[in-house]
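Have a look at the structure below, then the notes.
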There are 2 protein chains.
Amino acid sequence: MKVLGVIVEYNPFHNGHLYHLKKAKELINPDYTVAVMSGNFVQRGEPAIIDKFSRAEIALEMGIDIIFELPFLYSIQDANGFAFGSIGLLDKTKIVTDVVFGSESADIKTLDIIAETLYNQPEDYQILLKKYLKKGYSFPNARKYALIEYFEQNKILSKEQILIIEKSNDILGLEYLIALKKLNSKIIPHTIRRKGSDYNDENFIGNFSSATAIRKLWKEKKYELIKNAVPFKTFEIIQREEKLGKGPIFIEDFELSFLSYLRTLSRDNLKKYYGVNEGLDQRIIEAAKHTNTIKELYHNIKSKRFTYTRIKRTLLNIYFGITNELIENINNTGPQYLRVLGFTEKGRELLSVMRNKVEYPIITTPSNYVSIIKNIERDLKNKRKMWNIDKKTYFKMIEYDFKSTNVYSLYYKNKEYSRYELDKKMKIIYRKGKI
Amino acid sequence: MKVLGVIVEYNPFHNGHLYHLKKAKELINPDYTVAVMSGNFVQRGEPAIIDKFSRAEIALEMGIDIIFELPFLYSIQDANGFAFGSIGLLDKTKIVTDVVFGSESADIKTLDIIAETLYNQPEDYQILLKKYLKKGYSFPNARKYALIEYFEQNKILSKEQILIIEKSNDILGLEYLIALKKLNSKIIPHTIRRKGSDYNDENFIGNFSSATAIRKLWKEKKYELIKNAVPFKTFEIIQREEKLGKGPIFIEDFELSFLSYLRTLSRDNLKKYYGVNEGLDQRIIEAAKHTNTIKELYHNIKSKRFTYTRIKRTLLNIYFGITNELIENINNTGPQYLRVLGFTEKGRELLSVMRNKVEYPIITTPSNYVSIIKNIERDLKNKRKMWNIDKKTYFKMIEYDFKSTNVYSLYYKNKEYSRYELDKKMKIIYRKGKI
């Protein structure tokens with residue numbers, strides 16, 4: 001049995017995503033396809049434009065059999081943490097055989113050689129990395145220059161080959177490969193070339209627009225252009241969510257809350273939060289006092305050493321009180337549960353296969369999150385089943401999922417939806433019938 | 001030389017305040033009158049309706065010679081902390097001879113007997129207090145019943161006499177008297193009867209409306225009714241501030257920011273903040289998840305044990321990260337500086353008298369707050385002058401003043417005023433000429 005795994009954000013699901021999914025299926029010819037998807041906050045350090053429930057609903061319609069939620073704590077981390085969480089989750093399903101990711105290079109061989117180096121961290125490489133960090137380069141750049149110099153010495157890869165890791169999807173792909181190695185996973189990685197716009201391209205370029213471009217179109221209410229760039233189901237749900245007063249949600253909606261909170265902080269409080277180092281604390285505190293928009297805040301914090309996404313993610317870490325200690329811990333343990341946001345009729349079969357294999361709980365009713373642990377403890381006591389869970393981390397991790405949804409839901413335009421803990425109230429999405 | 005001190009919020013300055021000031025001056029016949037005033041946040045646990053700069057401006061016009069700012073950390077504490085900070089500040093001016101406060105009873109004798117008991121805390125009283133706290137009464141009520149039973153036993157005061165401390169101004173007055181005793185202050189306390197509405201009366205009742213009623217009128221844009229209830233200068237500045245896009249500021253403006261932040265918190269993080277005990281943490285966390293307005297939040301947290309103002313103040317403590325440790329410390333040290341928001345021509349003479357007497361810095365240019373300490377350290381080294389300052393507390397205290405202004409300023413309607421650290425940018429208010 002072949003099960004294809006993909007790692008996605010679908011923010012929102014567009015024609016490029018559909019193309020990628022189709023190509024990936026052609027390549028693997030899987031019996032089932034599952035996805036791990038970011039929840040209400042995404043890796044670029046922003047809220048998703050529509051909530052995870054709606055995004056899961058679309059994905060099930062477009063050919064994913066089970067949608068797992070990437071725990072919030074991984075979804076807003078750098079490529080390294082994001083990849084470790086999502087690959088870890090796929091690995092823990094115990095049924096995923098292949099993972100396919102899109103990349104600019106589509107050169108799995110080169111990526112794998114680089115991944116091997118980054119995984120093994122040979123001493124020569126480490127020295128070079130330190131050299132470039134000392135020069136004040138951001139981590140991604142320091143790593144790039146260190147790799148170029150390292151491979152120049154041993155002549156395995158050319159400079160041009162290394163430069164593929166300048167592209168965001170190649171970088172992410174690299175981290176997926178490293179994570180697979182770390183986990184000693186049996187999942188086979190594949191990559192296919194990304195079609196259409198660059199991830200960050202703000203300009204609309206026809207039927208293959210990037211998610212960034214589509215979000216911009218939505219902000220500008222250019223619905224006809226969105227319609228051309230997304231499957232009909234996406235368009236339908238975009239319209240529904242707007243009518244309900246839920247989406248679209250932008251980082252600008254968080255502007256006053258973020259700035260206000262940042263202005264309460266002192267420099268000495270900040271260093272405990274993940275990502276706050278190398279003087280970023282001072283830059284954040286100062287910038288917050290003198291800006292009145294979030295865009296300007298990012299701009300004023302920005303320096304050669306800190307990329308925009310790094311800044312955005314770090315601000316979320318601060319806001320949610322995510323400490324170094326917590327991230328170090330979860331980057332050790334990996335996901336502690338497999339939360340299912342939705343599944344198809346076909347996906348249901350796969351879930352029952354999974355249930356006999358997994359060593360971490362499959363969560364379909366999050367409001368039961370406490371009793372799930374009680375049952376696991378009973379199993380462990382009776383030696384009825386093998387579980388691998390770290391209880392303390394489990395609670396932290398899922399409570400952060402709940403928190404992130406509770407915060408997100410406050411920013412729906414229709415505040416009626418803000419009154420509930422939606423993670424505990426929403427029913428799992430089940431899509432009946434053949435796709 | 002007689003110097004009258006008054007403790008005020010002037011939120012905003014109205015006819016009742018003018019009446020009180022006139023009566024106090026008639027009673028004392030002072031050479032000078034100074035006031036200690038809350039800054040941008042007031043004791044009821046809310047932002048002031050117009051900022052401290054405007055309120056100081058009005059007060060100078062109405063007959064106050066120097067306006068000192070009560071440090072933020074005291075201004076949002078319970079009657080006990082508020083009184084200790086404000087009486088402490090007046091005491092540290094070294095020139096205030098008399099303090100006059102308004103009270104419902106105007107019975108300084110009874111208040112003083114009760115204050116003496118609360119200051120000395122005789123063992124019999126302590127046992128009674130514990131008994132009523134155990135029964136689940138809020139602290140003010142437990143104290144009231146304990147006092148009634150205590151004085152019933154020794155027959156010094158009747159139940160009716162004790163019941164005067166049910167009124168908010170008598171309670172505050174009581175705390176002023178206790179603070180004077182604690183500080184062994186030479187300032188002589190007096191009280192006069194409050195004219196007009198109760199502090200909390202929301203209904204407009206003619207020319208003597210409470211500040212609460214006036215704020216409500218402003219919310220409803222009933223300018224003509226405000227005009228009748230405040231001196232012309234107040235009315236003028238209310239109109240100016242609204243035109244500038246600064247005031248009025250209501251707690252509702254903070255709604256989304258507060259709720260959003262509260263939803264990021266965990267119960268185990270909360271106990272370190274001042275006022276969070278007796279299960280209040282659990283009530284706050286739960287209420288925040290299920291409410292979408294701040295009024296409803298207060299309502300859902302409310303219980304017999306927690307008064308509304310207690311809840312409101314505690315939420316500010318949480319938002320600003322004000323810990324038990326910090327409040328215990330400042331309730332030991334008292335104010336570490338005398339920040340002047342404004343003064344009249346007459347007040348200027350008094351300031352120069354003060355300068356030779358004080359053991360804490362008089363701050364007229366807050367942006368110099370670091371160099372002020374450097375100068376003090378030089379003085380101490382050269383034994384040129386006696387200073388009593390605790391450096392660490394000084395920095396904490398004034399940085400919280402800055403933070404509170406920086407947060408407050410974000411909620412001006414005209415966000416142009418949000419771009420500055422106003423405490424460092426605004427010039428001190430100087431009112432030339434005779435009043």
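Results, tabulated for the structure shown:
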{"read-out": "Residues satisfying the stated conditions in segment B:30-74, i.e. among the hydroxyl-bearing types (Ser, Thr, Tyr) and touching a residue at least 60 places away in the same chain (Cβ under 8 Å)", "value": "B:Tyr32, B:Ser54, B:Tyr74"}
{"read-out": "The one condition in (1) away from every other protein chain (no Cβ under 14 Å); (2) without any contact (Cβ under 8 Å) to a residue 12 or more places away in the chain that B:Lys357 fails to fulfil", "value": "(2)"}
{"read-out": "Among (1) under 17 Å from B:Ala79 (Cα atoms); (2) open to solvent by 70 Å² or more (accessible area, probe 1.4 Å); (3) modelled with pLDDT under 95, the one test that B:Lys159 misses", "value": "(1)"}
{"read-out": "Filtered residues of segment A:216-238 (kept if open to solvent by 80 Å² or more (accessible area, probe 1.4 Å) and either among the aliphatic types (A, V, I, L, M) or within 15 Å of A:Glu61 (Cβ to Cβ) (or both))", "value": "A:Phe232, A:Glu236"}
{"read-out": "Entirely in segment B:1-97, the strands (runs of 3 or more DSSP E) that have 1 or more residues that are under 18 Å from B:Leu351 (Cβ atoms) and of a type in the set (Gly, Ala, Ser)", "value": "B:3-8, B:32-38"}
{"read-out": "Odd one out for A:Asp198 among (1) modelled with pLDDT of 90 or more; (2) surrounded by 14 or more Cβ atoms within 10 Å (Cβ to Cβ); (3) not in a helix (DSSP H, G or I)", "value": "(1)"}
{"read-out": "Residue tally, condition in contact with an Asp or Glu (Cβ under 9 Å, 6 or more places away or on another chain) and either more than 12 Å from every other protein chain (Cβ to nearest Cβ) or open to solvent by 30 Å² or more (accessible area, probe 1.4 Å) (or both), over segment A:295-321", "value": "9"}
{"read-out": "Members of segment A:57-83 found to be polar (S, T, N, Q) and open to solvent by less than 10 Å² (accessible area, probe 1.4 Å), listed by number", "value": "A:Ser75, A:Gln77"}
{"read-out": "Restricting segment A:219-233 to residues that are assigned to a helix (DSSP H, G or I) and either free of Cβ contacts under 8 Å to residues at least 40 places away in the same chain or among the polar types (S, T, N, Q) (or both), the residue that is nearest to A:Ile249 (Cα to Cα)", "value": "A:Lys219"}
{"read-out": "Qualifying residues in segment A:266-278 (those that are under 25 Å from the mean Cα position of the chain (by Cα) and open to solvent by 60 Å² or more (accessible area, probe 1.4 Å)) - the one farthest from the other protein chains (Cβ to nearest Cβ)", "value": "A:Glu278"}
{"read-out": "Of all residues making up segment B:255-265, the number that are closer than 13 Å to A:Phe402 by Cβ and more than 7 Å from chain A (Cβ to nearest Cβ)", "value": "1"}
{"read-out": "Number of the condition not met by B:Tyr412 [criteria: (1) crowded, with 20+ Cβ neighbours inside 10 Å; (2) within 14 Å of chain A (Cβ to nearest Cβ); (3) not in a loop (DSSP other than H, G, I, E, B)]", "value": "(3)"}
{"read-out": "Single match in B:Ser103, B:Ser86, B:Ser54, B:Ser38 (criterion: open to solvent by less than 10 Å² (accessible area, probe 1.4 Å) and at pLDDT below 95)", "value": "B:Ser103"}
{"read-out": "Given (1) within 14 Å of chain A (Cβ to nearest Cβ); (2) surrounded by 17 or more Cβ atoms within 10 Å (Cβ to Cβ); (3) without any contact (Cβ under 8 Å) to a residue 40 or more places away in the chain, number of the condition B:Asp281 does not satisfy", "value": "(1)"}
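The values are calculated or read from the model by the stated rules, or taken from the named source; none is laboratory data. Since the structure is predicted, the reported quantities are computational estimates derived from the model, not experimental observations. Glycine gets a Cβ as well: all are built from the backbone with ideal geometry, and neighbour counts include every protein chain shown. Note: accessible area is taken over every heavy atom of the protein model, side chains too, but ligands, DNA and RNA are not part of it. Shrake-Rupley method; radii C 1.70, N 1.55, O 1.52, S 1.80 Å.
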